[in-house]
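Asks: Before I ask anything, let me first share the structure, which is written out below as structure tokens.
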Amino acid sequence: MAYPIHRPRRLRRSAVLRDMVRETSLAPSDFIYPLFVVEGRDVRRPISSMPGIFNLSVEHAVAEAKQAKALGVPSIILFGIPDQKDGRATQAYARDGIVQRAIRAVKEAVPEMQVIADVCLCEYTDHGHCGVIDGGHVANDATLPLLAQMAVTCAQAGADIIAPSDMMDGRVLALRKAMDEVGQVDTPILSYAVKYASGFYGPFREAAQSAPQFGDRRGYQMDPGNAREALHELAQDLSEGADMVMVKPALSYLDIIHRVKERCDVPVAAYNVSGEYAMLKAAAQNGWVDGDRVMMEILTSIKRAGADLILTYHALEAAKLL
Ligand code: PBG
């Protein structure tokens, strides 16, 4: 063959042509923006490892939700950080707990904003684990009713979607039953079905003050070496009634996003987590990479891998660029 017959470069000659044949594009409607809500008034405290992200008191969270809405980002996920933590995560399921109040305030001020409640106990326990402790271990079955109560109180506060991130076995069914019993039959569950025990959560634990005070989360979150197990977790959560599923983290787990997408027919979300955000911000601040360009490339890769929705701290800046 003297000359190439196929010249893929033909379709790369101009920006218009490249736009025409692009297989994956991003839209602000792909994004879910995480917010960290704290007690108090007029708090807007920067999180040092996550430039541009803050601990927000309720009224600032509302303002941030308005801004997200104005930029075309349709959904936020709320993490509550209470002042009072205890062994049974009481504030996680208090009717007037920080996250329940934040949900009410956002839904009242910006009713069209879709509010997702992250359901997990680690921000609310004094030991920082995602469930109650018994004999030095996180007790699976004793944790389920507390998670269920948290889901119920969040749904009753007005949360549009409930997203359990604790990785206890059987929690999707426990949440579904509890919500159905109180009439919340139409509130969907977005399950963190495939969540790895990841070093990439470091900055989040600063933001949410939720680092475990002893041990780590490897007894309930997944081992990074496992892929088949992800499909097993996925199958469990779907059989228990998950309406949508999530893979987390995203960037080091693009293969898992792809496999989950191939395996199931429900919407797939991926969480572009705090450590992924922090790495990029650090490199960009040093001038080592072009922050905007790499941000869009990362988000595109997550979508290309199969994510229908992306939870990302970049949501607002990416929406501005789009
Ligand atoms: C709660 C939870 C965590 C994250 C989301 N929900 C922390 C953890 O499991 O330790 C991490 C999100 C991020 O790093 O951006 N369990």
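Asks: What does the charge add up to near Ile257, with Lys and Arg as +1, Asp and Glu as -1, over the other residues with Cβ less than 12 Å from its Cβ?
Replies: Details: positive: Lys248, Arg259, Lys261, Arg263, Lys303, Arg304; negative: Asp255, Glu262, Asp308.
After counting each charged neighbour, the total is +3.
Asks: OK, next. With an 8 Å cut-off on Cα pairs and a minimum separation of 6 or more residues, tell me the relative contact order of the chain in percent.
Replies: After rounding, I find 18 percent.
Asks: Another one. So for the chain, taking the charge dipole from beta-carbon charges (+1 Lys/Arg, -1 Asp/Glu), which of Leu173, Ala94, Ala63 sits furthest toward the positive end?
Replies: Farthest towards the positive pole: Ala63.
Asks: Right, next: Say the dipole of the chain comes from +1 at the beta carbon of Lys and Arg and -1 at that of Asp and Glu; which of Ser252, Leu299, Ile47 then lies farthest toward its positive end?
Replies: Leu299
Asks: Please name which of Gly199, Met279, Thr153 has its Cα lying farthest along the dipole of the chain towards the positive end, using unit charges on Cβ (Lys, Arg +1; Asp, Glu -1) and the Cα centre as origin.
Replies: Farthest towards the positive pole: Met279.
Asks: What ranking do Cys122, Cys264 get, fewest neighbouring Cβ atoms within 10 angstrom at the top? Write down the numbers at each step before the final one.
Replies: Values: Cys122 27, Cys264 18.
Lowest to highest Cβ neighbour count: Cys264, Cys122.
Asks: Can you tell me the dipole magnitude for the chain around its Cα centre, using point charges on the Cβ only (Lys, Arg +1; Asp, Glu -1), in Debye to the nearest 20?
Replies: Once rounded to the nearest 20, the dipole reads 1380 debye.
Asks: Which net charge results when you count Lys and Arg as +1 and Asp and Glu as -1 among the other residues whose beta-carbon is under 9 Å from that of Lys85?
Replies: Values: positive: none; negative: Asp83, Asp86, Glu123, Asp126.
Charge balance near Lys85 sits at -4.
Asks: When DSSP assigns beta bridges and you keep just the ones with both residues in the chain, what percent turn out antiparallel, to the nearest 5? Don't skip to the end; give the middle numbers.
Replies: Details: 5 of 39 bridges.
So the antiparallel bridges amount to about 15 percent of the total.
Asks: While we're here: Counting other Cβ atoms within 10 Å, keep those with at most 13, restrict to DSSP loop, and tell me which chymotrypsin sites (Phe, Trp or Tyr not before Pro) in region 257-322 are left.
Replies: Trp288
Asks: Here are some pairs, Lys69/Lys107; Lys177/Lys248; Lys66/Lys320; which of them have Cα atoms lying more than 21 Å apart in this structure?
Replies: Lys177/Lys248
Asks: Give the range of the longest stretch in the chain that excludes all GluC sites (Glu not before Pro) found in loop regions by DSSP and having at most 11 other beta-carbon atoms within 10 Å.
Replies: Details: sites that count: Glu23, Glu112.
Longest stretch, sites excluded: 113-322.
Asks: For every other residue with a beta carbon closer than 15 angstrom to the beta carbon of Met246, add +1 if it is Lys or Arg and -1 if Asp or Glu, then tell me the sum.
Replies: That sum, taken over residues with Cβ under 15 Å, equals -2.
Asks: Per-residue ellipticity at 222 nm for the chain, helices alone: DSSP H runs ≥ 4 residues times -39500 (n - 2.57), over residue total, nearest 500 deg cm²/dmol?
Replies: -11500 deg cm²/dmol
Asks: Something else about it: Can you tell me the order of 89-97, 183-191, 243-251, 131-139 when each peptide is scored by its average per-residue count of other Cβ atoms within 10 angstrom, highest first? Walk me through the numbers before you get to the answer.
Replies: Details: 89-97: 20.1, 183-191: 18.6, 243-251: 23.7, 131-139: 15.7.
Going by the mean number of other Cβ atoms within 10 Å, highest first, we get 243-251, 89-97, 183-191, 131-139.
Asks: Can you list the residues, at least 5 places off or on another chain, whose amide H is less than 5 Å from the amide H of Asn55, using H built in the peptide plane?
Replies: For Asn55, the qualifying residues are Arg45, Ile47.
Asks: Same structure, new question: Just the Kirkwood number for region 87-202, please: inverse of mean 1/r across all distinct Cα pairs, in Å, one decimal.
Replies: Result for region 87-202, one decimal place: 14.3 Å.
Asks: Helix 228-239 versus the longest principal axis of the chain: what angle, 0 to 90°, nearest 10, using Cα atoms?
Replies: Approximately 60 degrees, to the nearest ten.
Asks: Then there's this: What are the principal axis extents of the Cα atoms in region 26-321, in Å, biggest first?
Replies: Extents along the principal axes, in whole Å: 48, 46, 38.
Asks: Next question, about the same structure. Across 5 Å bins from 0, what is the distribution of all Cα-Cα pair distances for region 1-145, in whole percents?
Replies: So the P(r) values, bin by bin, are 2, 9, 14, 15, 14, 10, 8, 6, 5, 4, 4, 4, 2, 1, 1.
Where a number appears in this text, it was derived from the coordinates with a stated rule and is not lab data. Just so we're clear, the structure is a prediction, and the values are computed from it rather than from any experiment. We place every Cβ from the backbone using ideal geometry, glycine too, and count neighbours over all the protein chains shown.
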